[in-house]
Structure formats: C-alpha cells, structure tokens
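S.K.: Below you will find the structure I want to go over with you.
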Amino acid sequence: MRRPRFLIPTILVLVALLVVLGACAQATPQVVKETVVVTKVVEKVVTKEVPAKEKITLIITSGSGSAGSTKVMRKQIERYMAENPNVEVKIQEMPWSSTQQHDMYVTWAAGGLPVPDIYRIDIVWPPEFAAAGWILPLDDYIKKYNVNMDDFLPGPINGVTVNGKIYAMPFFTDAGLLYYRKDLLDKYGFQPPETFADLKEQALTIMQKEGIPNGFVWQGDAYEGLTVDFLEYVWGNCADVLDKDGNVVIDDPKAVEALKVMVDYIQSGVSPEGVTTYKEEDARNVFQRGDAVFMRNWPYAWRLLNKDDSPVKGKVGAKPMVHGEGCKSAAGLGGWNLAINANSKHPEEAFKLIAYLTTPENQKELALEAGLSPVRKSLYQDPDLLNANPFYETLYDVFLNARPRPVHPRYPEISAVIFTEVHKALVGEQTPEEAIKRMSEQIKEIVGK
C-alpha cells in the first residue's frame, strides 16, 4: 500500500526539530537568547543558546601605599571595572624597596608564572626584562588602540624602549630634587645653595643658630636609592660610570672627590650617622618634622610636605641638586612603568587597562592626589597641577633632561656593586679611593669593557 506523499516533508521537519531541541538540552545554564528560523517549510521560531561573555581576572602590582598611589589606582580601577563588567582587577602591593621588588619580579618571571599580569617596573629594568623575555613589546597594541605617544616625555619613553621597541608604558616620572627650608634660608640671608660647599656652609650655620639636629638628609641605605644619590654627585662633579661606548670610566679622581663629599657630610655632622639606614620615607619624615634644613628626594614628597597637618607646610622650596665647582647639576631619572607579563593569559585586556591608567585624565588625578609627576608633557601646563605643584613650571627642564642610570641588561648587578661599595665608604669600612677602585674592577667584569 502506497504511503501518502505529505508524510515525507512532515517527517523531515520533525527530525529537524528533534536535532535543534537536542542541542538546546545540552547548553550551559548561563546563556543569552538569539532567534533563528529552523526551516522555511514550517516557519517555526525557536531559540539557540549562546554562552555569555567570559569574565576574566587581571592582577596588577602597585608600590607601597604610604604615598597614596595605591589608593588612587584603586579608585581608577573601580571605575574601569564599572565600565568593563567582564573584567575583575586585583591589586598586589609590593615592598617600598625597589631592590626587593626587583628580586620578587625576577623570581616570578623566571618561574614562568602567568600572574601578576601587569608589572609596575622601575625605569632601569626594561633592558633586563626584555632581554630575558619576561615582558611583551607593546608596539602592536599601541597602534591598534591609537595611543598618542607624542604627548609622553622623551626620557621615560627612552627608558622603556629596547632595540627600537616599547616594552612598557610610562606611568609616572621622577627626577631627584633638593628640598630646602626657604623660611630659614631667608631668615639668615642665604640664597638656595648651588654647590656642595654652599650646602655644607648653610646647613652648619642654620643648625647652630636654630638648634636643628640635621643639616641634610638623603637616601644612604644600601639599596637602589643610594645608587641614584651617588650618581647625582658623580654626574654633578663632571664624572660618569660608563661612557657613550659603554666603557667603564668610574675610576676617575672626580668620582673619588664626589664620594668624599658624601662621606664628609656625615663626618662633619651635616648629615646624621643614621642616614646610612635611610630610604625615601625615612628622609621625608625627618625633614617634614622640621628636623632638617635640606633633603634630597623625589617630587612625590612635595604634596606630603604641604599637607594641612605638616609642620613645614608653606616653608619649603625645591630646586635642582647641588654640584661641584665648574660642573652642572644633574638629576637622576626615576619613575615607574607598566609592563605586561609575557606569560599572562590576558595580554590584550592587560594593555587596555594600562592604556586607561595612562590617559591624561587619570595621570592628572594621580598627580593631584598622590603627588606623582605625570609622564604626559601637556599636563605640565595644566593650571590645577601648577597650582598644586608650582615647581612643575620652574623645574620642567629638570624633568625633561633628567639623566638615565647606566643602560645595560645587567644594570641590577652594576647597581648592586655601586651601592655596596659606596655604603662601605659611608660607614667607614673603606676609603672613597678604595671604594671607587673596587667599584671599577667589578663593573668591568660585568660589562666586559
């Protein structure tokens, strides 16, 4: 008996429906709806289930929260997460010491850990980290997301560029400054000091007349901060560590003389013996209490020194560092940058966050609320920032021309030699001549020149 012809298309439609329904039954419970037409014969509308957008987690490192930068970053990240609900961002705070931070990053990176996704790295680390393959070049992302690099200061950009590629985005910049009690200098008819000798004379005079216990405080502990301080004395006395060809030139009478100035500041009582244990915050706390006439520190200190509860509010000036006779002042280039861990599972999402944190608006907020100097040139003309940090205008050239520390993939080893040998001289374990000689021999072994 022949079957009716209408049964054949009916059976085909039923089979199609069963296939679609079977697929729906196996879908995940978290879905969004999309309408599709199964066949033109039935014109039956059903739903196909599509997985929701995956939520990812990024981890970014930040410095110690004592200067307020982590608080500002947290606020900016909360805004970012509100605008990007598929992204959760966690902050991992790091120790204050840049030397300790470096050692932690090396341990993580050498172990191939995928987190933290974003490293906040010192200006001197990109050559080392890039050579080791620990961080990613950002040029393709910069181009894809149209980031305007022309607005960034040249020093920070040069610091993060390795073999023609950008390996980190500048986050904030630094240049060493000499802070001074302008009220006390005015009281005794002094102009801010220009030379090493000027500072010593003024400090001793004001200490004696005012009963202030310290003339000059700075970063004298055996860590990266001491390397930068020492380099400012060396550069400011017409000497250097490496020449333009990478040859070691630190074994120079001018370098010995620079170290003798640092030692003499301690032995003469201008600086306390305890300065050999000071980092940035130790020096700032002493100066902010009113217990020192001069201080070498970074720009972040300005906002803290002028807070409403600061004993020295409105009494402080800032200028380029002192220097030797016949030489020019030199500021060490500092600053921190945001790089992407080469093992991150979410490098593109990490870059999007980095680009957000370095916009002019967020840079301005970081400068106003944490006192960190912006890396964008346009912000040095911003009225709000000039009102909060008046030295931005007068010391803009200092930021523009700050000198980088020796650029070399093995810089951390070079720095460790420098601060170790300098510290031994400061505490009297060796003479400045011995320190410079040993420094030169060890750095030559490192760089091979």
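The values are calculated or read from the model by the stated rules, or taken from the named source; none is laboratory data. Please read all numbers here as calculations on a predicted model, not as lab measurements. Note that each Cβ is placed from the backbone with ideal geometry, even for glycine, and that neighbours are counted across all protein chains shown.
S.K.: Please give the strands (runs of 3 or more DSSP E) falling wholly within region 168-222 in which 3 or more residues are under 25 Å from THR276 (Cβ atoms) and either at pLDDT 95 or above or assigned by TED's automatic domain parsing to the domain that holds ASN285 (or both).
M.R.: So the answer is 177-181, 214-217.
S.K.: Looking at TRP218, TRP235, which is the one that is touching a Phe, Trp or Tyr at 6+ places or on another chain (Cβ under 8 Å) and aromatic (Phe, Trp, Tyr)?
M.R.: That would be TRP218, the only listed residue that is touching a Phe, Trp or Tyr at 6+ places or on another chain (Cβ under 8 Å) and aromatic (Phe, Trp, Tyr).
S.K.: Condition check: touching a residue at least 40 places away in the same chain (Cβ under 8 Å), among the hydrophobic types (A, V, I, L, M, F, W, C) and within 30 Å of ASN146 (Cβ to Cβ). Does ALA425 satisfy that?
M.R.: no
S.K.: Considering every residue within region 157-165, establish whether at least one is in contact with a Pro (Cβ under 9 Å, 6 or more places away or on another chain), modelled with pLDDT of 95 or more, in a loop (DSSP other than H, G, I, E, B) and hydrophobic (A, V, I, L, M, F, W, C).
M.R.: No: region 157-165 contains no residue that is in contact with a Pro (Cβ under 9 Å, 6 or more places away or on another chain), modelled with pLDDT of 95 or more, in a loop (DSSP other than H, G, I, E, B) and hydrophobic (A, V, I, L, M, F, W, C).
S.K.: Output the qualifying pairs, or none if there are none: Cβ atoms under 8 angstrom, residues six or more apart or on different chains, first residue in region 207-221 and of a type in the set (Lys, Arg), second residue surrounded by fewer than 24 Cβ atoms within 10 Å (Cβ to Cβ).
M.R.: LYS209/TYR188
S.K.: Can I ask one more? Among the residues of region 284-303, which ones are surrounded by fewer than 22 Cβ atoms within 10 Å (Cβ to Cβ) and farther than 11 Å from LEU177 by Cβ?
M.R.: Once the filter is applied, which keeps residues that are surrounded by fewer than 22 Cβ atoms within 10 Å (Cβ to Cβ) and farther than 11 Å from LEU177 by Cβ, region 284-303 yields ASN285, VAL286, ARG289, GLY290, ASP291, ARG303.
S.K.: Run THR277 past the list (1) under 26 Å from PRO432 (Cα atoms); (2) among the β-branched types (Val, Ile, Thr); (3) surrounded by fewer than 23 Cβ atoms within 10 Å (Cβ to Cβ); (4) touching a Leu at 6+ places or on another chain (Cβ under 9 Å) and report the number of the one that doesn't hold.
M.R.: (4)
S.K.: Quick check on ALA330: is it within 26 Å of LYS71 (Cβ to Cβ) and crowded, with 19+ Cβ neighbours inside 10 Å?
M.R.: No; evaluated as a whole, the condition is false for this residue.
S.K.: Further question: Quick check: is even one residue across region 22-42 part of a helix (DSSP H, G or I) and at pLDDT 50 or above?
M.R.: Within region 22-42 (the criterion being part of a helix (DSSP H, G or I) and at pLDDT 50 or above), the answer is no, since none of the residues qualifies.
S.K.: Now a separate question. Against the conditions (1) of a type outside the set (Val, Ile, Thr); (2) part of a strand (DSSP E or B); (3) out of contact with any Pro (no Cβ under 6 Å at 6 or more places or on another chain), where does LEU226 fall short? Just the number, please.
M.R.: It is condition (2) that LEU226 fails.
S.K.: Right, next: From the list PRO114, PRO95, exactly one residue is surrounded by fewer than 20 Cβ atoms within 10 Å (Cβ to Cβ), at pLDDT 95 or above, not in a helix (DSSP H, G or I) and not aliphatic (A, V, I, L, M). Which is it? Let's see the steps before the verdict.
M.R.: Details: PRO95 fails: at pLDDT 95 or above.
Matching residue, one of PRO114, PRO95: PRO114.
S.K.: Please verify whether SER344 is assigned to a loop (DSSP other than H, G, I, E, B), in contact with an Asp or Glu (Cβ under 7 Å, 6 or more places away or on another chain) and of a type outside the set (Phe, Trp, Tyr), treating the condition exactly as stated.
M.R.: yes
S.K.: Continuing with this model, one more query. Quick one: what pairs do we get from region 375-393, first residue outside the structural domain of ARG303 (by TED's automatic domain parsing) and under 17 Å from PHE172 (Cβ atoms), second in a loop (DSSP other than H, G, I, E, B) and among the aliphatic types (A, V, I, L, M), C-beta under 9 Å, 6+ apart or different chains?
M.R.: VAL375/LEU153; ARG376/LEU153; LYS377/LEU153; TYR380/LEU153
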